[in-house]
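The values are calculated or read from the model by the stated rules, or taken from the named source; none is laboratory data. Just so you know, these numbers come straight off a predicted model, no measurement behind them. Glycine also receives a Cβ, built like all others from the backbone with ideal geometry; neighbour counts cover every protein chain displayed.
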Amino acid sequence: MSTKVDAFKVRLERVIAADRARVFEAWTDPDLMMKWYAPEGMSIPEVEVDLRVGGRWRVAMQEPEGGARHTVVGTYRELTPPERLVTTWSWLPEDGSESPMGPEETLITVEFHQDGDGTRLVLVHEGFSTAESRDNHEKGWVSCLNRLEKL
């Protein structure tokens with residue numbers, strides 16, 4: 001895995017031991033997303049996907065032992081199975097206050113490249129307004145990709 005971080009984006013690259021159609025499906029199928037689309041140690045009680053350009057998605061993440069719940073939403077901007085997906089990303093506060101992750105809408109681009117028997121996944125998450133937000137998301141994505149790799 002390689003990681004590159006600059007002021008406004010995170011770039012992660014990892015080889016997953018599955019063909020790219022299956023890895024793409026893990027990013028777009030709600031049942032599969034419920035198994036990995038949150039940092040390690042968190043559960044994923046809800047996933048909604050309207051898989052079309054302009055369609056919205058939503059993932060609820062739950063901290064352990066009744067801890068805080070975090071919900072992220074986005075809109076699909078590009079879907080090119082099994083090669084690429086582009087979506088927005090925004091946190092929704094659970095109590096109506098400002099999200100601790102910030103009010104910003106960021107952009108995620110994920111590319112899926114066949115690499116032998118596996119898939120080289122390249123994730124770029126950009127548009128952060130602070131280094132803290134960028135760093136928090138980078139840590140979260142590394143953890144999520146650990147779960148995806150195990151799946």
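Name every residue in the stretch 116-151 that is farther than 19 Å from TRP91 by Cβ and in contact with a Ser or Thr (Cβ under 7 Å, 6 or more places away or on another chain), in order of residue number. Scanning the stretch 116-151 gives no hits. The single residue among VAL142, VAL59 that is within 12 Å of the chain's Cα centre (by Cα) and touching a residue at least 60 places away in the same chain (Cβ under 8 Å) turns out to be VAL142.
Within the stretch 8-17, at least one residue is over 25 Å from THR119 (Cβ atoms) and at pLDDT below 95. Of VAL53, VAL73, VAL49, all but one fail to be more than 19 Å from LEU12 (Cβ to Cβ) and touching a Gly at 6+ places or on another chain (Cβ under 8 Å); the exception is VAL49.
A quick yes/no check of all residues on (1) at pLDDT 90 or above; (2) within 16 Å of the chain's Cα centre (by Cα):
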| site | (1), (2) |
| --- | --- |
| THR80 | yes, no |
| SER99 | no, no |
| GLU104 | no, yes |
| HIS125 | yes, yes |
| GLU132 | yes, no |
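Summed over the stretch 22-75, the residues that are surrounded by fewer than 14 Cβ atoms within 10 Å (Cβ to Cβ) and either touching a His at 6+ places or on another chain (Cβ under 6 Å) or in a helix (DSSP H, G or I) (or both) give a count of 1.
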